[in-house]
Amino acid sequence: MLRTRTIFGRTALTALAFGIVSATPAYAQESADDIIVTAQKENETQVLRKGSLGALGDKDALAVPFSIKAYSEALILNQQPLTLGQVLENDPSVRTSLGFGNASEQFVIRGFPLYGEDIAIDGLYGVTPRQLVSPELYDQVQILNGASAFLFGAAPGGTALGGTVNLQPKRAKDQPITRATVNYQSDEHFGGAFDFGRRFGDDGQFGVRINGAARGGDTSIDDEYRSSVVLGAAFDWRSDRARLSLDLAFQRVKVRHMRPMVQLNGVTAVPDAPDADTNFGQDWNYTTIRDVFGILKFEYDITDDFMFYAAGGARDTAERGVYQGFQLTDAATGDAFVTGSNIPRNDNNEAVQAGIRGKFATGPITHEINVGGSQSSYINRNAYEFGPFVRNATNGNNLYDPVQVTMPAFTALRAGDLEDPNPANRTRLSSLFASDTIGALDGMVELTVGLRRQNIFYRAYNITTGARTSRYKESATTPVVGLVVRPTETVSLYANRIEGLVQGPVAGAGTINVGEVFPPFKTVQYEVGGKVAMGRFNASLALFQTDRPQTLNEVTPQGTVFTLNGQQRNKGVELSLDGEPMDGLRIIAGLSVTDAKQRRTTGGATDGNDAIGVPEYTANANVEWDLGFLPGVTLTGRIMQTGKQMVNLTNTLQLPEWTRFDLGARYVVAVADKPVTFRFNVDNVANNSYWASSLGGYLVLGMPRTFKTSATIEF
């Protein structure tokens, strides 16, 4: 098998190299220069200063009292990311971590976690794959920094208090697209993708967009294997007043011999990071996740100024895997032991929303009103069995010299039907909302006020007997007040007070109270800032403060327990820049500084200490340079820097700051009047080894040096 993969790898690389050598301008026709310039310009738009604000609809960033931006399809294609986290790491206010005991990505926005369950698609929660998201299906990855309970409703997974991510599906555009891509990533990870989009009819009223990707093989982490297959289909119809769309998608992701996070069990120091490509995972550790999901959306212009809209979506998920924990007991020597679990899970989610948006004037005062409602339901079915939570004669290991151990017998804890899991909990979230954006002085001043009344109905069950064990029904009103002042067309100043509301967090895989749901809670955010859009560049500055309950995975002799302890208050400032200061030179850059403190902890034991897993600062700078003296060639570079992070509540353990450099190049050439783009990227050029995150109180090792190459042809 290894020989087959190696031969396949050499063949693919040889073919790719032959294509690069043979696809020179000498083979292109007279229009080659125009084709190259056009294709190069299509790659320029990386950041869009707009996005979905849920109840308020799609908005330009200058017009709203919130911090929002979007990363484009061109950026996704050029950076060749395997996961959504590799797209979001372009943002200076976002960092990526791993879920507890599984393969899921978790994101840190403004110092607060964002789980996959709380990422939206086209404004709907509950539809997105819950652990890993393949970015190939999406036209934009939109980021709203800050709380969003009024805008999007309560987050079902218990996060989205520091920010919300909304994914915009690919749909047919006026310009036809036929695209094919082949790609390779080190160590032996190969794949390909296609994208087809057309509009039909006399006025292009019908649209079809079908795209998909498949890839698989070993990654740059020693012996870690990942594969993914995704397929998306979007159908839409539009007339003078109506618009209808249907987005359907399938995703299947597999991770085998995954490198897990590291739990600290009684250690008094943070261990040195091992070599970046070290894999202290076990070869029996795997997860397979299959998601089928879709959204049906309808919009109708009742008049020129009023629109009715409705959308409904659903997701069906089947997750199977054997998971591994890695508990470090000696920071100096790296001594550790391995734990294991089997946690099959199925999810069935449904979400709907509907409303009316409109605008009118009362004398010199303008109004933009939004009224509507939403409802979503979530059923989580799972079972579990755990191995021993203590060191024994067979599960010993070492961080710096890992070995394979026998998969433990899962005898410590067991519940539910492993073959056909029973419901663990059912949740129904419903809400009604209304808002008015009041404008004066020809739009120079706009005040947004709104309320969302939300209801959370939760029921938990014994997954072995099926008996209901608990229930609660809670209601809350989450207001929003936002002010925008536009002294000029290109400058806006803003302020907001907005709340966050989430269903209580759920103890996840790897904890002995897995499935336990805590009561819902609200948070309050205050923010002031300013934005500038000067054509060649955009800039934004924000100062914020947000409070939320503090969550913790606590290691006990009986196992790891998920719990709440006190409150976390985050204060910070964000600066973000993007644009093209001179022809052919593009930048994305920014800095986020966060002061995260603990408050109201048990007995005041750690009041005033820094919160766990929140970097003191994060900074990014992405640069692209089109070489005028070498037509079609673009050089790229990125630096990411992350400040110190605390590991424990008492602040006796902390991670040092870390820096990562990425480099790359693109070459666009015309072949038979068709543009072909070749890309080569190297992430973590210096192969630095570092602890990337301590979110949740456990350590996640940064990715090793990774080579990426691809070729795309536009037909």
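Quick rundown of the values:
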{"quantity": "Verdict on Ala596 being closer than 26 Å to Glu624 by Cβ and not polar (S, T, N, Q)", "calculated": "no"}
{"quantity": "Selected residue (only one of Gly294, Gly266 is more than 24 Å from the chain's Cα centre (by Cα) and small (Gly, Ala, Ser))", "calculated": "Gly266"}
{"quantity": "Residues of region 214-262 satisfying the condition of being out of contact with any Phe, Trp or Tyr (no Cβ under 8 Å at 6 or more places or on another chain) and closer than 20 Å to Glu188 by Cα", "calculated": "Ala214, Ile221, Asp222, Asp223, Glu224, Tyr225, Arg226, Ser227, Ser228, Arg252, Val253"}
{"quantity": "Residue count for region 251-264, restricted to those that are touching a residue at least 40 places away in the same chain (Cβ under 8 Å) and in contact with an Asp or Glu (Cβ under 7 Å, 6 or more places away or on another chain)", "calculated": "3"}
{"quantity": "Among residues of region 602-645, those that are without any contact (Cβ under 8 Å) to a residue 12 or more places away in the chain and charged (D, E, K, R), counted", "calculated": "0"}
{"quantity": "In region 347-362, the residues that are over 30 Å from Asp442 (Cβ atoms) and either charged (D, E, K, R) or touching a Pro at 6+ places or on another chain (Cβ under 6 Å) (or both)", "calculated": "Asp347, Glu350"}
{"quantity": "Within region 342-420, strands (runs of 3 or more DSSP E) holding 1 or more residues that are surrounded by fewer than 17 Cβ atoms within 10 Å (Cβ to Cβ)", "calculated": "345-362, 365-382, 396-398, 413-415"}
{"quantity": "Qualifying residue in region 23-32 (condition: in contact with a strand residue (DSSP E or B) (Cβ under 8 Å, 6 or more places away or on another chain), under 20 Å from Arg666 (Cβ atoms), modelled with pLDDT of 70 or more and β-branched (Val, Ile, Thr))", "calculated": "no"}
{"quantity": "Among (1) farther than 30 Å from Arg459 by Cβ; (2) at pLDDT below 95, the one test that Ala424 misses", "calculated": "(1)"}
{"quantity": "Matching residues in region 206-225 - criterion: being of a type in the set (A, V, I, L, M) and surrounded by fewer than 19 Cβ atoms within 10 Å (Cβ to Cβ)", "calculated": "Val208, Ile210, Ala214"}
{"quantity": "Qualifying positions in region 114-125 - surrounded by fewer than 24 Cβ atoms within 10 Å (Cβ to Cβ) and either within 11 Å of the chain's Cα centre (by Cα) or over 24 Å from Gly313 (Cα atoms) (or both)", "calculated": "Tyr115, Gly116"}
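Condition check ((1) of a type in the set (Val, Ile, Thr); (2) out of contact with any Lys or Arg (no Cβ under 9 Å at 6 or more places or on another chain); (3) surrounded by 19 or more Cβ atoms within 10 Å (Cβ to Cβ)) across all residues:
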residue: Ser227; (1), (2), (3): no, no, no
residue: Ala234; (1), (2), (3): no, no, yes
residue: Ser245; (1), (2), (3): no, no, yes
residue: Arg259; (1), (2), (3): no, yes, yes
residue: Gln282; (1), (2), (3): no, yes, yes
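The values are calculated or read from the model by the stated rules, or taken from the named source; none is laboratory data. Computed from a predicted model, the values in this text were never measured in an experiment. Virtual Cβ from ideal backbone geometry, glycine too; neighbours counted across all protein chains shown.
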